[in-house]
Amino acid sequence: MTDEQRLSCEELLTTTRCVRRGLDLDRAVDPELVKDCLRVALQAPSGNNRQNWRWILLTDPKIRADVAEVYRAAFHDRHAARPERPTAPSGAARTVITDARALADRLHRVPVLVIPCLEVPDGELPTGNQAGLWGSLLPAAWNYALAARSRGLVTAWTSVHLDREREVADLLGLPPTVRQGALLPTAHPLRPTFRPGPRLPLERVLHHDGWQGA
């Protein structure tokens, strides 16, 4: 982006969307640009500054196709019997599931896939509170999405493949101590501008000084 096109901080935060359909599947993405975004991601907070995140960058067509095949199988298992629901509270004709299915069907064509991971001792997730664990990865993954948007790219945050996490881990040769946190398809957008998404008003979701407070 030029200086004239540079997004304000508020615009960046409110218009970084999960883009499932509007991905340019025919335009290559420079891996060096993706690495620049990942360098920004690494400035996110990390519990005790452990920085035990690891990032898998997939550009090889065969590897992307193999991961996409597992993703589609997981998507089918999850949504085969699930009714579609509107994207927006107003009842927009298109649905979240319709858009998600479009992404699943075309995932192998998305030029870059990024998988943020954590190195976890013994590869076992805690049975209790996991907030601190994932709080050391997910902010960095969102940093990546914001950095990509600021550089003219778009992403789609998804975790459907984690229903078959071990299959993807085996495809990529991940050791048992590495656990995946998300999947971030990355591409140039088909359209240059985005608007804030439909959200409930703050008054509907804010509780002040306790659950009963409004």
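The values are calculated or read from the model by the stated rules, or taken from the named source; none is laboratory data. On a predicted model such as this, the values are computed, not experimentally measured, just so you know. Ligands, DNA and RNA are stripped out before the accessible areas are found, and what is left, the full protein with its side chains, is counted by its heavy atoms. Shrake-Rupley method; radii C 1.70, N 1.55, O 1.52, S 1.80 Å.
Restricting to DSSP H runs of at least four residues, report the calculated mean residue ellipticity at 222 nm for the chain, -39500 (n - 2.57) per run over all residues, nearest 500 deg cm²/dmol.
So the calculated ellipticity at 222 nm is -10500 deg cm²/dmol.
Determine by what factor the alpha-carbon radius of gyration of the stretch 99-185 differs from 2.2 N^0.38 Å, reporting the quotient.
Output field value: 1.15.
Please arrange 35, 62 by accessible surface area, largest first, computed with a 1.4 Å probe and ligands excluded.
Most to least solvent-accessible, the answer reads 62, 35.
Over the chain, average the accessible area per residue using a 1.4 Å probe and give it in Å², no decimals.
On a per-residue basis, the chain sits at 57 Å².
To the nearest 10 square angstrom, how much accessible area does residue 127 have with a 1.4 angstrom probe?
Counting only protein heavy atoms, the figure is 150 Å².
Quick one: pull the percent of accessible area on the stretch 146-198 belonging to carbon and sulfur, 1.4 Å probe, ligands and nucleic acids left out.
Heavy-atom surface of the stretch 146-198 belonging to carbon and sulfur, 1.4 Å probe: 54 percent.
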